[in-house]
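Working notes, structure below.
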């Protein structure tokens, strides 16, 4: 289940074409798709399926929305959660409140950092490309755990410097430090 926050980060970094090559299927709720700046950019045919919730699911979401404990969540957050829960999907989201809510209800949640790790693991990005993508996300206001960003940037730049990226040599660059600290001890 793909929430708009992760899609927006990946889009800012210019890596959607590589993202859709991951050996996974992605689902995005139709109303969440509209949250994306230019919804027509969501490549439906390339492993991102845009779908609607059933009337029953929407009723469940509206019932949840009446509860105090969901006040920090938007309607779209709850729609993404509901579909992930019902489909037994992993939820890809960066919003701290949504992540905590979904995790507390048994839904596995990952964010943009995990997606970058997966893209590296599957050879869809080089360490240099992953570092550049992370820095692009951070420069556009993404909120990730600073320590996790710094660790990844050091590791990826070290791989570039050591010539471990397709035999290329490179210069290690320090983290620009412009990732904003996220809440709730997120690690991905």
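Where a number appears in this text, it was derived from the coordinates with a stated rule and is not lab data. Quick caveat, the model's predicted, so the values are computed rather than measured. Neighbour counts are summed over all protein chains in view; Cβ atoms, including those assigned to glycine, are modelled from backbone coordinates with ideal geometry.
Can you tell me which of 142-151, 64-73 comes out highest on packing, and rank the rest after it, using the mean Cβ neighbours within 10 Å? Numbers along the way, then the final one.
On the way: 142-151: 18.7, 64-73: 12.3.
So the order, starting with the most tightly packed, is 142-151, 64-73.
Which value in Å is the Kirkwood Rh of the stretch 4-112 over different Cα pairs?
14.2
Which whole-number percentage describes the relative contact order of the stretch 4-112, with Cα contacts under 8 Å and a sequence gap of 6 or more?
Values: 117 pairs, mean separation 27.7, N = 109.
It rounds to 25 percent for the stretch 4-112.
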